[in-house]
Amino acid sequence: MSNIIKLLPDHVANQIAAGEVIQRPASVVKELMENAIDAGADDIQLILKDSGKKLIQVVDNGRGMNESDARLAFERHATSKISSGEDLFNIHTMGFRGEALASIAAIAHVELISRQPEEEIGTKILMEGSEVTAQEPFAAVPGTSLSVKNLFYNVPARRKFLKSERVELRRIIQEFERIALGFPDVKFTLFNDDKELLRVHRGSQKDRILGLFGKKLNEKLFPIQEETDFLKLSGFCVKPQFCKKSRKEQFLFLNKRFFKSGYLHHAIKGAYEGLLQPDQNPSYFLFLEMDPGLVDVNVHPTKQEIKFSDERDIYHMIRVTVRHGLGKHQLTPTLDFDVERGQRDIASGQTTGNRPQSGHLGGGGFSAPGPRRDSGGDNWAHIFEGVRKEMTEHPEASQMELEGDLQKEESEYRNFFQVLNRYVVVATNRGLALIDQRAAHEQMLYEEFAESIDRDEGSTQNLLFPKTVEVPASDSAILQEILPTLQKTGFQLEHFGGNTFVIHGVPAIWTKELDPGDMLAEILENYKLKGDFKDSGKRIARSLAGSLRISAVKKLSEKEMKTLIDKVLNRPPSLDLLHKRQLVWLDEEGLAKLFKR
Ligand code: ADP
Ligand code: MG
């Protein structure tokens, strides 16, 4: 009998890995630019042809590679950035998986030219489908140039799912902006088809923001600054009167690296409470710096999500700091008036104390203003009252509460387990939290899908073999109609003609195990049942969540339990809840009652 298990050839393994890391031209841009930054470059050019479909080239002036490193760089798990498992938790550089170049070389034609500044001559390598086709010494300037041509030339299914040039270019620019924002001391230039689209020079954080988004933004921003033992927070937010309806220009960075967090967005939005219409959104550029050991950035290869070990403290600190920033800066006109009056008073022989001439609230961050608040926007006076009250009642509010919360948090999540294969029980300082696993999982899926649809950034798990399915004629029309939205969730689906569809990939997210064809059928069933939802994005998100949630009775792994607990216990209060009963608390009082104390 012959063996039936075979090892996948390297180039196939690389192609599969590429499916996760490289979803579109913008993913290549991100990987190459991050490598340039890691190489210490301070001048980085991105050169595109046909919006990246023909060529994506990144040229840097970093430390370069020698002949053998240049070759090794394309091996899977080749990285100069980690040598032990431990390093994973302390990494400061951007990429650390050692699979980006190997993945890219599996699905494109690649040319690498590199020279180390201390060497006389450089090296050039050509790659095609994971094979080195040529390597030779090459006269080059110091630094590295990596060109990626004909992306997905050997993966037609991927190529098919590229959107229009305009859309792909927009995504590339978005990626470019995110990296450029994090590194204001690096010069960046972007060309497409020989036209210069963007150029930003080295400067301050603010220079960089204005360089990318226009000088007009200057008057709309106010600064944010706060520091505790474990976290430094700085950046700029947009004043409420300039906030827009779109959700653009919302940037969060951790240690200079862009990340997304619906949870922290909620904290910032919360700080603007009472100042915005319900459909308005604040724009912000917030930079967090903390010990990388406290963060797990390796959560998902493409989604740029981050797991903090003390998310609630960060939530609180951001909310309080932005709120203070708002109170402080919106009152400036009133204070300017105050100063003018003071000067007049001095002229008339009276003094008004030692109020600083600048008209700002003194150096002490949260200190209270002078007596007059009766002129100018009373809305601001009103907010400021709130902030001031908070501050006089708790002079060091942010600091104290953070420390308090930190202690509380420390004992949280320590013990948790599953009972009856149905509920997750967590011991916290408040008491016992009982979580209904299916309801909690469905809610988590709903939030993830709604967000992917909102931002068109769902990630996909590609199928090794595309699956062809036929649906009833009546469903075919519905499916065609919801197809574009479904794709935003990461479902890669193609209408093949008639009632036939081909599934190339499914959302890359923890769901119940289901054959992709059954998955689609269930989603359609669910979608039809949820006809009472006007918002079609929400309707689709609900249908997916309803179809893909785990069973009510299922043994969960420790990691799965933890995922649910983190979601449920950290959820901001006002979210759109599918089931009221996901979480039941047995707190001190509840427990006492049980024992009839
Ligand atoms: P990772 O960045 O996770 O280490 P990559 O596949 O992106 O993995 O890169 C592999 C290795 O190639 C890097 O660790 C680095 O040593 C080298 N490398 C890649 N790009 C550059 C560059 N622009 N300049 C210098 N070295 C580079
Ligand atoms: Mg890398």
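The values are calculated or read from the model by the stated rules, or taken from the named source; none is laboratory data. Just so it is clear, the model here is predicted, and its values are computed rather than measured. Methodologically, a virtual Cβ is constructed for each residue, glycine included, from the backbone with ideal geometry; neighbour enumeration extends over all protein chains shown. Only protein heavy atoms, including side chains, enter the accessible area calculation; ligands, DNA and RNA are left aside. Shrake-Rupley method; radii C 1.70, N 1.55, O 1.52, S 1.80 Å.
Give the total of Lys-Lys pairs in the range 212-256 with Cα-Cα distances below 15 Å; include a pair only if its members are 8 or more places apart or on different chains. Please report the intermediate quantities before stating the final value.
Details: Lys216/Lys239; Lys216/Lys244; Lys220/Lys239; Lys220/Lys244; Lys220/Lys248; Lys232/Lys256; Lys239/Lys248.
Going through the range 212-256 pair by pair, I get 7.
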In angstroms, what radius of gyration and Dmax does the range 526-576 have, counting Cα atoms only? 13.9, 38
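Rounded to the nearest 0.05, what FRET efficiency do Glu118 and Asn154 have when you use their Cβ-Cβ distance and R0 = 45 Å? Don't skip to the end; give the middle numbers.
Values: r = 37 Å, r/R0 = 0.83.
According to the calculation, E is roughly 0.75.
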Summarise the accessible area of the range 206-328 (1.4 Å probe, protein heavy atoms) by the percent that is carbon and sulfur. 47 percent
How long is the range 193-250 along each principal axis, judged by its Cα atoms, biggest number first, in Å? 47, 29, 19
Cross-link partners among lysines for Lys530, C-alpha distance below 16 Å, same-chain residues fewer than 8 apart left out? Lys538
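Using the Cα atoms of the range 97-256 to build a convex hull, what is its mean projected area in square nanometres? The partial results should precede the final answer.
Values: hull surface 55.4 nm².
Taking a quarter of the hull surface, the average projection is 13.9 nm².
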Leaving ligands, DNA and RNA out of it, rank Val426, Val155 by accessible area with a 1.4 Å probe, largest first. Val155, Val426
Hydrodynamic radius by Kirkwood for the range 206-328, inverse mean 1/r across distinct Cα pairs, in Å, is 14.9 Å
On alpha-carbon atoms, Rg over Rh for the range 445-597 using Kirkwood Rh? 1.07
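Calculate, in nm to one decimal, what Asp194 and Glu589 gain on full extension: separation in residues at 0.36 nm each, minus their alpha carbon distance.
Working: separation 395, 0.36 × 395 = 142.20 nm, distance 6.98 nm.
Roughly 135.2 nm would be gained on extension.
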